[in-house]
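The structure appears right after this line, and notes come after that.
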Amino acid sequence: MSKERSDSLFLLIKSLKKSEKRYFKLSNEGTDDAKYSRLFSIIDQQKHFDDEEILTKDPELKPQQLSNLKAHLYTKILDTLRDYNSSTLPNIRIRDMVDHAEILFNKSLYTQCADIIKKAKKLAIKSDNLEMQLEILKWEKQMLTHSTKGGLERTNKIIRETEETTTRINHINSFSNLQYKLQAMYKKIGFIRHENDFNEINAVFTANLPQFDKSTFSVSEKISLYNLYIGYYFFIQDFERGYEYANKLVALFTGNKTLIQSRLETYISSLNHLLIAQNKLLRYREFQNTTRELRALNNLPSAYLNENIRLKLQKYTFVHEFNRLFMKGDFQRGVDLMDRIMPGIEHFALQLDPHSRVIMYFKTACLYFGNNDFKTAIIWLNKIINSHEVDVREDIHGFARIVNLISHYELGNMELIEYYVRSTYRFLLKKEDLHQFQKYILNFLVRLKTNITEQELKKRFETLRDNLLMLSKDPYEKRAFLYFDIISWLESKIENRPVQDIIQEKASVRLTMD
C-alpha cells in the first residue's frame with residue numbers, strides 16, 4: 001500500500017466518531033478478521049502513521065502482509081460506515097436494496113427480486129431520489145420478461161414512468177448546469193459591476209434556461225430551479241426576488257422530516273440563502289428566526305451530523321452570527337467573540353473553500369475596523385491582498401485594498417497613502433473594476449495633506465459623502481455599499497464620533513420599523 005494510501009487510511013480512521021469506532025470494533029470482534037480490529041486500534045492510537053510501530057506492537061502481523069491488510073482494512077471501514085449509516089440515510093438503504101435485487105435476479109429468484117424492487121421504489125419515491133427511481137425502473141423493465149402480471153398495461157406504465165423520470169432528471173441537470181456556470185462567474189467577479197456584466201449574465205441565463213411547466217414539477221425539480229433563481233438574482237443584486245425564492249426553497253422542507261433527513265446538506269444551504277437575503281434586506285427579526293432554525297440542526301442525532309454537515313453548520317453559524325452583529329453595529333461584541341475563538345480560527349479557515357475563506361477574512365477585517373482597531377483590520381486585509389488566489393472574488397480583493405487605504409489613513413500613515421493609492425489603481429485597472437465609487441475615494445485620499453485645516457477636512461468629508469450618496473442610487477455603483485458601510489464612516493468623521501455609534505443608531509431606527 002503506497003504512502004499516499006496509508007495516509008488515506010490514517011485520515012479515515014481519525015475522522016471517525018466514537019460511536020463509529022465502537023461499531024467497527026464490535027463488528028469485527030470474535031471473528032476470523034480480528035487482526036483488522038487490532039490493526040485499526042494501533043493506527044487509531046498513533047499521532048502520525050508509522051508502519052514500524054504497527055509491526056512492533058503486533059508481532060503477529062508480518063511485513064509482507066501489511067500492505068494488503070491496510071488496503072482491506074480501508075475497504076472494511078467504508079463497508080462498516082455504510083452499514084452504520086444505512087438506518088439514517090435513505091439513499092444508502094435504497095442502493096443496498098437495488099444491489100440485493102441484482103444478486104437475487106442473477107440467482108433466478110425473480111419473485112424475491114421483485115419484492116425488494118417494490119420496497120426500494122417506495123422508499124425512492126418517498127425521498128424523491130429520481131436517479132435511484134430510474135435505476136429501479138430499469139430493473140422493473142428487466143423483470144417484465146419473468147412476470148405474467150399486468151401484461152401490456154404494466155409495460156406501458158413502466159415506460160411512461162421512465163420517460164417522466166428521465167424528463168425530470170433532464171430538467172434538474174439543465175438547472176444545475178446553469179446554476180454552476182453562473183456560480184463560477186460570480187466566484188470570479190462578485191456582484192455585477194456594470195451594464196455589460198448584466199447583459200452577459202442575463203444572456204447566459206436566458207439562453208440556457210429550458211422551457212418547463214413548473215406545475216408538474218417534483219420536489220427535486222423545484223429545489224434545483226429555486227437554487228438557480230436564487231443564485232441568479234443574488235448575482236444581479238435583486239435581493240427581493242432572491243429572498244422570494246429562498247423562502248420558497250425553505251418552504252419545501254418545512255414539516256417534511258424525511259426530506260430534511262435525506263437532503264440535510266441542501267436544507268442547510270437553503271437556510272443559508274434565506275439568511276443572506278434577510279441580511280441584505282435588513283430583515284432583522286426574520287433573520288433571528290431563521291438563525292434559530294439553523295442552530296436547531298445541531299441537536300439532530302449524531303448519525304446525521306457527519307463531518308461535512310458539521311463543517312457547513314459551523315461555517316454558516318459563524319458567518320451569520322457576525323452578520324447579525326454587523327446589522328446591529330455591535331462590533332465590540334464581535335471582537336470579544338473573535339478573541340475567544342481565535343486559537344482555532346486559522347485551522348477553521350483552512351477547512352473552507354477559497355471563496356468562503358476570502359469572505360471570512362474581509363468580514364473579520366471590517367469587524368475590527370468597526371471597533372476602531374485598524375491595525376488588526378490591516379492584518380486580516382493583508383491575508384486577502386497578499387493571497388495568490390486573486391481570481392477568486394476579484395471584487396472583494398479590490399475593496400480590501402480600499403479599506404486597507406482607509407485604515408492606514410486612520411492610523412496616520414500618510415507616507416504610505418500615495419504608494420497604496422497607486423498600487424490600488426493598478427490592481428483595479430487590471431481587473432477592470434475601477435468605477436466612480438473607487439475614483440472618488442482614491443482621489444479623496446491622495447489629495448489629503450498633513451497641514452490641511454480641520455474645517456477644510458470636514459468639508460471634504462461632507463463632499464465625499466454627498467457624492468457617494470448619489471452613487472448609492474446607481475444600480476451598478478450601489479454594489480460597493482454591500483461590502484463596507486463607508487457612509488457611516490464618513491459621518492463618523494464629520495461628527496467626530498466612533499463609527500460604531502453611528503451604525504448602532506441607524507440599526508436601532510431600523511429595528512423599530514422592522
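The values are calculated or read from the model by the stated rules, or taken from the named source; none is laboratory data. Everything numeric here is computed off the predicted structure, so don't read it as measured data. Cβ atoms come from the backbone with ideal geometry, glycine included; neighbour counts cover every protein chain shown.
Annotations
- Residue within segment 454-471 that is more than 23 Å from T424 (Cα to Cα), part of a loop (DSSP other than H, G, I, E, B) and either modelled with pLDDT of 85 or more or not acidic (D, E) (or both) present: no
- Selection status of I452, of a type in the set (A, V, I, L, M), more than 30 Å from S356 (Cβ to Cβ) and in contact with a Leu (Cβ under 6 Å, 6 or more places away or on another chain): no
- In segment 122-173, the residues that are under 15 Å from F105 (Cβ atoms) and of a type in the set (K, R): K138, K141
Here is a yes/no grid of residues against (1) touching a strand residue (DSSP E or B) at 6+ places or on another chain (Cβ under 6 Å); (2) surrounded by 15 or more Cβ atoms within 10 Å (Cβ to Cβ); (3) among the hydrophobic types (A, V, I, L, M, F, W, C); (4) closer than 19 Å to Y180 by Cα:
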position: L209; (1), (2), (3), (4): no, yes, yes, yes
position: F235; (1), (2), (3), (4): no, yes, yes, yes
position: Y243; (1), (2), (3), (4): no, yes, no, no
position: N247; (1), (2), (3), (4): no, yes, no, no
position: T258; (1), (2), (3), (4): no, no, no, no
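- So I345, is it of a type in the set (A, V, I, L, M), at pLDDT below 90, outside the structural domain of L11 (by TED's automatic domain parsing) and buried (at least 16 other Cβ atoms within 10 Å of the Cβ): no
- Scanning segment 190-244 for residues that are assigned to a helix (DSSP H, G or I), of a type in the set (F, W, Y), within 27 Å of F362 (Cα to Cα) and under 22 Å from the mean Cα position of the chain (by Cα) turns up Y229, Y232, Y233, F234, F235, F239, Y243.
- Just one of (1) assigned to a helix (DSSP H, G or I); (2) farther than 21 Å from L134 by Cβ fails for S174. It is (2).
- Of all residues making up segment 249-260, the number that are without any contact (Cβ under 8 Å) to a residue 24 or more places away in the chain and part of a helix (DSSP H, G or I): 4
- When the test is whether a residue is aliphatic (A, V, I, L, M), surrounded by 15 or more Cβ atoms within 10 Å (Cβ to Cβ), out of contact with any strand residue (DSSP E or B) (no Cβ under 6 Å at 6 or more places or on another chain) and touching a residue at least 12 places away in the same chain (Cβ under 8 Å), L445 passes it.
- Qualifying position, being of a type in the set (K, R), assigned to a helix (DSSP H, G or I) and within 25 Å of T512 (Cα to Cα), among R285, R295: R285
- Test for V319: is it in contact with a helix residue (DSSP H, G or I) (Cβ under 8 Å, 6 or more places away or on another chain), part of a helix (DSSP H, G or I) and assigned by TED's automatic domain parsing to the domain that holds K493: no
- Segment 261-273 residues that are within 15 Å of R295 (Cα to Cα), paired with ones that are among the aliphatic types (A, V, I, L, M) and not in a helix (DSSP H, G or I) (beta carbon under 9 Å, 6 or more apart): L264/L300; L264/L305
- Residue within segment 401-422 that is basic (K, R), assigned to a loop (DSSP other than H, G, I, E, B), under 18 Å from F481 (Cα atoms) and within 26 Å of the chain's Cα centre (by Cα) present: no
- Checked against the criterion of being farther than 30 Å from T206 by Cβ, free of Cβ contacts under 8 Å to residues at least 24 places away in the same chain and over 33 Å from the mean Cα position of the chain (by Cα), segment 162-179 contains not a single residue that satisfies it.
- Condition check for V358: in contact with a Ser or Thr (Cβ under 8 Å, 6 or more places away or on another chain) and β-branched (V, I, T): yes
- The residues of segment 472-487 that are outside any loop (DSSP other than H, G, I, E, B) and either charged (D, E, K, R) or crowded, with 19+ Cβ neighbours inside 10 Å (or both), listed by number, are E477, K478, R479, A480, Y483, I486.
Residue by residue, here is whether (1) assigned by TED's automatic domain parsing to the domain that holds N451; (2) of a type in the set (A, V, I, L, M, F, W, C) holds:
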| residue | (1), (2) |
| --- | --- |
| V335 | no, yes |
| R340 | no, no |
| A365 | yes, yes |
| I384 | yes, yes |
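Residue-wise test of (1) more than 24 Å from D373 (Cα to Cα); (2) hydrophobic (A, V, I, L, M, F, W, C).
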position: R393; (1), (2): yes, no
position: F399; (1), (2): no, yes
position: I402; (1), (2): no, yes
position: I406; (1), (2): no, yes
position: M414; (1), (2): no, yes
position: K430; (1), (2): yes, no
position: K439; (1), (2): yes, no
position: L471; (1), (2): yes, yes
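- Taking segment 225-241 as the range and being over 17 Å from D395 (Cβ atoms) and among the aliphatic types (A, V, I, L, M) as the test, the residues that pass are L225, L228, I230.
- Selection over segment 18-53 of residues that are β-branched (V, I, T) and part of a helix (DSSP H, G or I) gives a count of 2.
- T290 meets the conditions (1) crowded, with 20+ Cβ neighbours inside 10 Å; (2) closer than 30 Å to R82 by Cβ; (3) under 18 Å from the mean Cα position of the chain (by Cα) in every case but one. The failed one is (2).
- Residue count for segment 54-77 under the criterion of being hydrophobic (A, V, I, L, M, F, W, C) and either without any contact (Cβ under 8 Å) to a residue 60 or more places away in the chain or outside any helix (DSSP H, G or I) (or both): the result is 4.
- Long-range neighbours under 8 Å by Cβ, at least six apart or interchain, first residue among the acidic types (D, E) within segment 320-348, second in a helix (DSSP H, G or I): E321/T291; E321/L337; D330/Q500; D330/Q504
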